[in-house]
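The values are calculated or read from the model by the stated rules, or taken from the named source; none is laboratory data. All values derive from a computational prediction rather than experimental measurement. Using ideal geometry, Cβ is built from the backbone for each residue, glycine included, and neighbour counts are taken over all protein chains shown. Please note that ligands, DNA and RNA were not included when accessible areas were found on the heavy atoms of the full protein model with its side chains. Shrake-Rupley method; radii C 1.70, N 1.55, O 1.52, S 1.80 Å.
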Amino acid sequence: MSVSAKDALVFYVVNYPPYMIINDKNEISGMDVDVVSAAFKESGQPVIFEGLPWKRVMKLMQAGEIAGGLSCSKRKGRETYMLFSEYISETRQAAITLKSMDTSQIKYLDNFKNYSVTTVSSWGTANQLRMSQIDYINSNDIRSGLVNVLHRGVDILYGPEILAMHDAKNMGELDNIKATYLEDVTSNKLHLCISKGYPHSEDILDEFNRGLKIIKKNGTYKDIQAKYF
């Protein structure tokens, strides 16, 4: 049975700019949102995006009650109830600092012990720092972490490079910061995740992957990325 039907597929997102952006009017946009829309457009399959807390999205996917969500990383256990598309984008945690700061001695996560560090307290980066026994200052979000670095004397914001650069651009501070990669922290690929229990999930996955291949080849994918960073 063809998945290209009159009814739109609904995918759920959280606010994670610039990959997924939910504004004050609950309007949804973002780099990964645009990529998914463009890929499905190649087969004529309409899609709709709605916001929902991520834990709720995971439970609904486990139950097979929704088509899926974006963007997901591959983690142990998820393969039991998720199908992963070809990667949509990727994110990499980095040391975000003032551009004027000498970061030549920052090559590994353990090097953070010689600096003052902040990260978003509710994210996995905080767990990484705790496991490495690195003290850090809590930030509520990336923007407040940037403020700590720009104006409050904190040396390093540890967080996702693209998200930090996106927020810095909106703050008018992009020219004042830089990202330094760590040799022991690799990039994380993000995917469209489809619930295995949802009707015709394999067909949905194949159709998306075909469309994604087309837009990567014809330049649409590159144009979407250039729009956001």
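Compute the relative contact order of segment 105-229 as a whole-number percentage, counting only Cα pairs closer than 8 Å that sit 6 or more residues apart in sequence.
Values: 107 pairs, mean separation 28.6, N = 125.
That works out to 23 percent.
Residue separation times 0.36 nm, minus the C-alpha to C-alpha distance between residue 214 and residue 87: what's the value? Walk me through the numbers on the way to the answer.
On the way: separation 127, 0.36 × 127 = 45.72 nm, distance 1.37 nm.
In short, 44.3 nm is gained.
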query: What shape does segment 140-182 take by its C-alpha gyration tensor, where a ≥ b ≥ c are the square roots of the eigenvalues and a/c under 1.5 counts as rounded, a/b above b/c as prolate, and the rest as oblate?
result: rounded
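May I ask you to derive the FRET efficiency for residue 138 and residue 223 from their Cβ-Cβ distance with R0 = 30 Å, giving the value to the nearest 0.05? Numbers along the way, then the final one.
On the way: r = 38 Å, r/R0 = 1.26.
With a Förster radius of 30 Å, E is 0.20.
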message: Nearest 10 degrees is fine. How inclined is helix 142-151 to the longest principal axis of the chain, computing both from alpha carbons?
response: 20 degrees
task: For segment 125-133, take each phi angle, set θ = phi - 60°, evaluate the Karplus expression 6.51 cos²θ - 1.76 cosθ + 1.60, and give the result in whole Hz per residue in order, putting x for glycine and proline.
output: 4, 5, 4, 4, 5, 5, 5, 8, 6
- line: Taking 0.36 nm per residue of separation between residue 122 and residue 23 and subtracting their Cα-Cα distance, the length gained on full extension comes to 33.5 nm
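Among rounded, prolate and oblate, which fits segment 1-85 when a ≥ b ≥ c are the square roots of the eigenvalues of its C-alpha gyration tensor, a/c under 1.5 means rounded, and a/b larger than b/c means prolate? Walk me through the intermediate numbers first.
On the way: a/c = 1.56, a/b = 1.03, b/c = 1.51.
Oblate, because a/c is 1.5 or more while a/b does not exceed b/c.
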- prompt: Using only helices, what value at 222 nm comes out for the chain when you add -39,500 (n - 2.57) per DSSP H run of length 4 or more and divide by the total residues, to the nearest 500 deg cm²/dmol?
  reply: -10000 deg cm²/dmol
- line: Given pairs 59/216; 25/216; 41/213; 74/213; 76/189; 76/217 and cut-off 22 Å on Cα-Cα distance, the over-length ones are 59/216; 25/216; 76/217
field: Phi-based couplings in Hz for segment 188-194 (Karplus 6.51, -1.76, 1.60; Gly and Pro marked x)
entry: 10, 7, 10, 9, 7, 10, 10
- request: Report, to the nearest whole %, how much of the accessible area of segment 113-229 belongs to carbon and sulfur atoms, 1.4 Å probe, protein only.
  value: 46 percent
- request: Note the full-extension length gain between residue 170 and residue 105 as 0.36 nm times their separation in residues minus their Cα-Cα distance, in nm to one decimal.
  value: 20.5 nm
- request: With the cut-off at 18 Å, report for segment 77-187 the share of all Cα pairs above it, as a whole percent.
  value: 48 percent
query: So what J values fall out for segment 21-36 if you push phi through Karplus, 6.51 cos²θ - 1.76 cosθ + 1.60 with θ = phi - 60°, rounded to Hz, Gly and Pro as x?
result: 10, 10, 8, 5, 9, 6, 7, 10, 8, x, 4, 5, 4, 5, 5, 4
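Count the lysine pairs in segment 91-187 whose Cα atoms sit under 17 Å apart, keeping only pairs 8 or more residues apart in sequence or on different chains. Please list the in-between numbers first.
Values: 99/107; 99/169; 99/178; 107/178; 169/178.
Close lysine pairs found across segment 91-187: 5.
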query: On average, how much accessible surface per residue is there in the chain, in Å², for a 1.4 Å probe, leaving out ligands, DNA and RNA?
result: 53 Å²
- request: Set the Förster radius R0 to 30 Å, insert the Cβ-Cβ distance between residue 113 and residue 80 as r into 1/(1 + (r/R0)^6), and round the FRET efficiency to 0.05.
  value: 0.20
